[in-house]
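J.: First, the structure itself, so that you have it in front of you.
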Amino acid sequence: MNELDSTTSPQFTAPRLSWSAIARLIRLRNQTGTWLLLLPTMWSLVLAGQGTPPLRLVLTFAIGSFLMRSAGVVLNDLADRSFDRHVARTHTRPLASGELSPRHALLVAAVLLGLAGILVMTLNSLTALLSPIAVLLASLYPFAKRFVRMPQAMLGIAFGWGTIMAWAASRGTIEAPAWILFGATVCWAIGYDTIYALQDQEDDRRIGVKSSALFFGKWIWLAVGSTLAAMLALLGLAGWITRIGWIYYAVLGAAAILAAKQALELRAAVSATRAFELFHRHVWLGSGILAGLLAGCLL
């Protein structure tokens, strides 16, 4: 059936904007991505504030992380709607299924980015100057998988930019520990998002989408282990520069054990369900690191 036929068919229903569809579009019931964006900004705020970040900044970046992650998934679905129709896990998404139109998605993204912009206006001028880069990175990531063999690195850069903005908001400048946290976040995202990409490995290969899971192939376990090791080493360096207490390094040691166990498990094939479970555990890993930062600064 051609496009003209589909629009005249009695079964055709024009896309309508609804709260239910918007909630599914922004993944309202699944906030894993928001946590993975928020946690590195909290690391940055805690280190920059020596364990006592201003509550105003904590709330601002928490709300901002929700808004930016929501806008990011809308832009991602808008760019990937033709791919998502051919992937088992994503073919029912509102844009892929035709429940919402691209115009609806642009409207939702504009509202979310506008609200995020209002938040930025409450911060200092340096942070405001850095904010357009965050929007640019969020916009570029959906297209990276078309051209870059490891688009997970672009995701890491986009998520890591929050550490730079958080440090700038707290200190009014960007110092070495902020860039080290940025690097740690990039490495972390490559690790956990490679695990996430295992869910769609066969579909991605079939439709020609690039991912680090395909790029690393049989060496996924080594790549994930190496990127997570680099993340922990960089976090340790950031702690050493800021003279954080010993308990933080004990937490990093525990995190290293978890990372090693995940990497070793990936030597064998894992199911899509198991890949998502391993991916989701990184919320707890990042939360544990945040707790270690707080304890290391205050105890």
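Bear in mind that the values in this text are calculations on the coordinates, not laboratory data. None of the values given here were measured: they were computed from a predicted structure. FYI the Cβ positions are ideal-geometry reconstructions off the backbone, even for glycines, and counts take in every protein chain you see.
J.: Considering all projection directions equally, how large on average is the shadow of the alpha-carbon convex hull of segment 22-156, in square nanometres?
T.: Over all viewing directions, segment 22-156 projects a mean Cα-hull area of 8.7 nm².
J.: Tell me which aspartates and glutamates have Cα within less than 12 Å of K145's Cα, excluding those fewer than 8 residues away on the same chain?
T.: D80, D204
J.: What spacing in nm lies between the two simple spin-label points modelled at L28 and F147, each 7 Å away from Cα in the Cβ direction?
T.: 3.5 nm
J.: How much length is gained if the chain between R16 and V111 is pulled fully straight, taking 0.36 nm per residue apart and subtracting their Cα-Cα distance, in nm to one decimal?
T.: Details: separation 95, 0.36 × 95 = 34.20 nm, distance 1.72 nm.
Difference between extended and current length: 32.5 nm.
J.: In degrees, nearest 10, range 0 to 90: what is the angle between the Cα axis of helix 152-171 and the longest Cα principal axis of the chain?
T.: Computed tilt is about 50 degrees.
J.: So what are the radius of gyration and Dmax for the Cα set of segment 188-299, in Å?
T.: 15.5, 53
J.: For the Cα atoms of the chain, what angle does the longest principal axis make with the long axis of helix 220-241, in degrees from 0 to 90, nearest 10?
T.: On a 0 to 90 degree scale, this one is about 40.
J.: For V73, V283, what's the fewest-to-most ordering of other Cβ within 10 Å of each Cβ? Don't skip to the end; give the middle numbers.
T.: Values: V73 21, V283 18.
Ordered from fewest to most neighbouring Cβ atoms within 10 Å, V73, V283 come out as V283, V73.
J.: Under the rule of -39500 (n - 2.57) per DSSP H run of 4 or more residues, summed and divided by the residues of the chain, what mean residue ellipticity at 222 nm is obtained, to the nearest 500 deg cm²/dmol?
T.: Computed ellipticity for the chain at 222 nm equals -25500 deg cm²/dmol.
J.: If each residue's Cβ is checked for other Cβ atoms within 10 Å, how do T185, T34 rank with the fewest at the top?
T.: With the sparsest Cβ surroundings first, the list reads T34, T185.
J.: Can you tell which of L55, L37, L119 shows the greatest fluctuation in a Gaussian network model of the chain with Cα springs below 10 Å?
T.: It is L55.
J.: In bins 5 Å wide, starting from 0, what share of all Cα pairs of the chain does each bin hold, as a percent?
T.: P(r) over the chain, rounded to whole percents: 1, 5, 11, 16, 17, 16, 13, 10, 6, 3, 1, 1, 0, 0.
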